[in-house]
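One structure is given here, and the rest of the page talks about it.
Laboratory data are not the source of any read-out in this text; all were calculated from the coordinates shown. Because the structure is predicted, anything quoted here is derived from the model rather than measured. Every residue, glycine among them, receives a Cβ derived from its backbone with ideal geometry; neighbour counts consider all protein chains shown.
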Amino acid sequence: MNRNPFPEIRRKRGVKTALATVTSDAGTPYLRFPSFDERGKARHAFATRLGGVSTGQFATMNLSFTRGDNPEHVTENYRRMGAVLGMRAEDVVCTHQTHTVNIRAVGREDRGRGVTRERGYTDVDGLVTDEEGVVLACFWADCVPLLFADPVRRAIGVAHAGWRGTVSGMARKMVQELQKRYGCRPSDLYAAIGPSVCADCYEVSEDVAVRARDALWKLPAKKGFADFDVPGEAHSGSILRPGKEEGKYLLDLHALNREMLLASGIPEQHIFITDICTCCNPELLFSHRVQGEPRGNLAAFLCLDG
């Protein structure tokens, strides 16, 4: 009997790092970069929409309490994802995402915020900690989940980066926060760009393209970027390309975040980039572009490896 719970997955070609499909001992499917955990001395999991108890438009692993799902179902989903990491739902600390670049440091006293008790804070798209026994969580349904781990200073961080967070430099701000708060050196950090919308699926308006271009121009010069302009014709394979319609552009959030991580001093071999797109795999992952508002939310989880 075939016990593989995963549907056929459409993967992006040419990506060096591949997300592994994993099923926990309890039968919960999830995605992970094995080398990120091994090198970063951490444990992480990207939830899929499989293996939970939610029903209807939230089926089945919805991890948001704010979308109209049964709270008991959401709590059970957290229990299942916590077990994936050998932790409890009560150990999770959640972001409160409003497309900011605000980052909050949390510790063991914050465990349960956003799951089993009120957060007590708002407008936080990034979380960092250096304490064991704390599971950091951020949400997405096309936007980019970013994970960070420092095996030397024993510090970790998670962040949500949609186009607003990306062009506002969330990736760089997370590195700066880990440096300032825990003394992390960028050369020691490992970073993961989790499953999210790919460049072929992410068409944006000209005003968004202009902001992405401006963010790119603030980075150290990269080959092939200097002569790019918006409006105008983009180079094939660059972070911005002409879209399918006049005045539209295809934006590569994965590549833009990667450039920001590199500019922050993280070595290229320390960066793991998704080969799975949310929009290309709506049977596996929630996608705002495919499903719109009546849907659940995915979550990324990260904790120190005790």
What residue among TYR182, VAL204, GLY243 has its Cα farthest toward the positive end of the dipole of the chain, where the charges are +1 on Lys, Arg and -1 on Asp, Glu, each on the Cβ?
TYR182
Using the 10 angstrom Cβ neighbour count as an exposure proxy, how do VAL158, VAL93 rank, fewest first?
VAL93, VAL158
The farthest towards the positive end of the charge dipole of the chain, of the residues THR122, GLY165, ALA137, given +1 on Cβ of Lys and Arg and -1 on Cβ of Asp and Glu, is ALA137
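Multiplying the sequence separation of ARG119 and THR21 by 0.36 nm and subtracting their Cα-Cα distance, what value in nm do you get?
Stretched fully, the ARG119-THR21 segment lengthens by 32.2 nm.
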Using θ = phi - 60° and the Karplus curve 6.51 cos²θ - 1.76 cosθ + 1.60, what whole-Hz ³J(HN,Hα) does each residue of the stretch 293-306 get, with Gly and Pro shown as x?
6, x, 7, x, 10, 8, 9, 10, 10, 8, 9, 5, 7, x
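Rounded to whole Å and sorted largest first, what semi-axes of the equivalent ellipsoid does the C-alpha gyration tensor of the stretch 100-172 yield via the square root of 5 times each eigenvalue? Mind showing how you got there, number by number?
Numbers: eigenvalues 79, 52, 20 Å².
Result for the stretch 100-172: semi-axes of 20, 16, 10 Å.
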Kirkwood Rh (inverse of mean 1/r, distinct Cα pairs), the stretch 1-124, angstrom:
16.2 Å
Which three semi-axes in whole Å describe the equivalent ellipsoid of the chain, each the square root of 5 times a Cα gyration tensor eigenvalue, listed largest first?
29, 23, 18
With Cα atoms, 0 to 90° folded angle of helix 170-182 axis to the chain main axis:
60 degrees
Using Cβ contacts closer than 10 Å as the measure, can you line up TRP163, TRP217 from fewest to most?
TRP217, TRP163
Treating the angle as unsigned and between 0 and 90°, give the value, to the nearest 10°, between the Cα long axis of helix 206-217 and the longest Cα principal axis of the chain.
90 degrees
What list do you get for ILE239, ILE193 if you sort them by fewest beta carbons within 10 Å?
ILE193, ILE239
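Go through LYS12/LYS248; LYS16/LYS180; LYS41/LYS180; LYS12/LYS244 and tell me which ones have a Cα-Cα distance over 29 Å in this structure.
Values: LYS12/LYS248 22 Å; LYS16/LYS180 31 Å; LYS41/LYS180 20 Å; LYS12/LYS244 20 Å.
From the list (LYS12/LYS248; LYS16/LYS180; LYS41/LYS180; LYS12/LYS244), the Cα-Cα distance tops 29 Å for LYS16/LYS180.
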Among the GluC sites (Glu not before Pro) within the stretch 48-143, which fall in a DSSP loop and have no more than 10 other Cβ atoms within 10 Å of their own Cβ?
GLU118
How much of the DSSP beta bridge set in the chain is antiparallel, as a percent to the nearest 5?
80 percent
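Specify the longest stretch of the chain that does not include any exposed loop site, a site being one of the trypsin sites (Lys or Arg not before Pro) with a non-H, G, I, E, B DSSP assignment and at most 15 other Cβ atoms within 10 Å.
Working: sites that count: ARG3, ARG10, ARG13, LYS16, LYS218, LYS222, LYS223, LYS244.
In short, 17-217.
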Angle, helix 71-84 long axis vs. longest principal axis of the chain, Cα atoms, 0 to 90°, nearest 10?
80 degrees
Explain nothing, just compute: Karplus ³J(HN,Hα) = 6.51 cos²θ - 1.76 cosθ + 1.60, θ = phi - 60°, for every residue of the stretch 150-159 in order, whole Hz, x for Gly and Pro.
10, x, 8, 7, 6, 9, 9, x, 10, 8
